[in-house]
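All remarks here apply to the structure that follows.
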Amino acid sequence: MNKGSSEYYISEIKRLKVEKNAIILAHYYQTGDIQDIADFVGDSLALSQKAASNNADIIIFAGVRFMAETAKILAPGKKVLLPDVNAGCSLADSCKAPDFEKFIKENPGRTIILYVNSTAEIKALSDIICTSSNAIQIVESLPPDAKIIFAPDRNLGNYVLNKTGRDMVIWNGTCHVHEEFSLEAILRLKNEYPDAKIIVHPECELPVRMVADYIGSTSALLQFTKNDKGNCYIVATEAGIIHQMKKGNPDKTYIPAPPGDSTCGCSECNFMKLITIEKIYNCLTSEKPEILVDQNVLLKAQKPIRRMMEISEKYDL
Ligand code: 13P
Ligand code: SF4
């Protein structure tokens, strides 16, 4: 086996994981090879639940920084490693602490529900965290007359607002991958494949959500393709999820929804795709880069995340 080949890295990763009592948690947007070597693959909610309950000493997070930070907040005694420190998130970056503090002051007396795609600093300012798997249930867990701030994703926020009719003011943040899907290109594909079902992540803009046959988090979209009787899907979320869809139902057809013309030109998250097998190997070897969260921020951010997990447990999510 050639040193430096992917077979070499994979066998070394397997050996080092046992030696160091480490686990790899991978998000569905990772490349197929990474999903296949991970100990656990899931959406943001499932990954948080797994980070909070495992016996490893080291968590390697094959995902982006806010996910690794959430793992550290939930498992402060463990070493949490992110194989590339530049694996950020445009949505989390769209909500900076000083601006958000000002927004809270301008909208006083509201319960702050924060989408998990946010920095630890912002989480520390919130009352309850949600993910795209449980956002509706989290909002509905509050009294019907509750006044809510929802941040940072305006598309998920508007989707939840339409579903619940609650009193919500919504932060104007977006994800650069999900806001770029082109309605025209999706409709052209639908014309070409009239039997295809359009399945959409709630981070997508309203025109794309309006043509959806089904809207849901990554795990909900995956479940839909498993249970549905159809055979062909136009998938409007990051294309990495198609790896698990193909594993579940290899005979079905999955077409990644294309982005618009004036875009980054792909339906891939450039931050998620910074993680590679080689970087996972390097990070397991050197135990760097480690994700650390300021102790004060960590303690404050624990409360809203735990509140989410309690509500999720109640609804069996
Ligand atoms: P999920 O929680 O649906 O996996 O979404 C995470 C994410 O980053 C979406 O862009
Ligand atoms: Fe962030 Fe968007 Fe990438 Fe998800 S797909 S990690 S929201 S930039």
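The values are calculated or read from the model by the stated rules, or taken from the named source; none is laboratory data. In this text, all values refer to a predicted model and were calculated from it rather than measured experimentally. Because the Cβ atoms are built from the backbone with ideal geometry, glycine has one as well, and the counts that use them run over all protein chains shown. With ligands, DNA and RNA removed, areas are computed over all heavy atoms of the protein, side chains included. Shrake-Rupley method; radii C 1.70, N 1.55, O 1.52, S 1.80 Å.
Semi-axes of the equivalent ellipsoid for segment 41-95, please: Cα gyration tensor eigenvalues, times 5, square-rooted, ordered largest first, whole Å.
19, 12, 10
Determine, for segment 133-264, the count of lysine pairs separated by eight or more sequence positions (or lying on different chains) whose alpha-carbon distance falls under 17 Å.
Lysine pairs, 8 or more places apart or on different chains, close enough: 12.
Net charge near Gln244: determine it from the other residues with C-beta under 14 Å of the C-beta of Gln244, scoring Lys and Arg +1 and Asp and Glu -1.
Here the charged neighbours net out to 0.
Around Val160, what is the net charge, scoring Lys/Arg as +1 and Asp/Glu as -1 over all other residues with Cβ under 10 Å from its Cβ?
That sum, taken over residues with Cβ under 10 Å, equals 0.
Residue by residue, what Karplus-based ³J(HN,Hα) values in Hz, rounded to whole numbers, does segment 109-126 have, using 6.51, -1.76 and 1.60 with θ = phi - 60° and x for Gly and Pro?
Once rounded to whole Hz, the list reads x, 10, 6, 9, 9, 10, 5, 4, 6, 7, 6, 4, 4, 6, 4, 5, 8, 9.
Just reorder Glu140, Glu287, Glu184 by solvent-accessible area, largest first, 1.4 Å probe, all chains present.
The most accessible residue leads, giving Glu184, Glu140, Glu287.
How large a share of the accessible area of segment 170-308, in percent, is made up of carbon and sulfur atoms when the probe is 1.4 Å and the other protein chains stay in place?
The nonpolar share, carbon plus sulfur, comes to 50 percent.
Quick one: Debye curve from the alpha-carbon atoms of segment 59-196 only, equal weights, vacuum; give me log10 I(q)/I(0) at q = 0.14, 0.22 Å⁻¹ to two decimals.
The Debye formula, applied to the Cα set alone, gives -0.73, -1.29.
Stick to the Cα atoms of the chain, pair each with every other, and give me the Kirkwood hydrodynamic radius in Å at one decimal.
20.1
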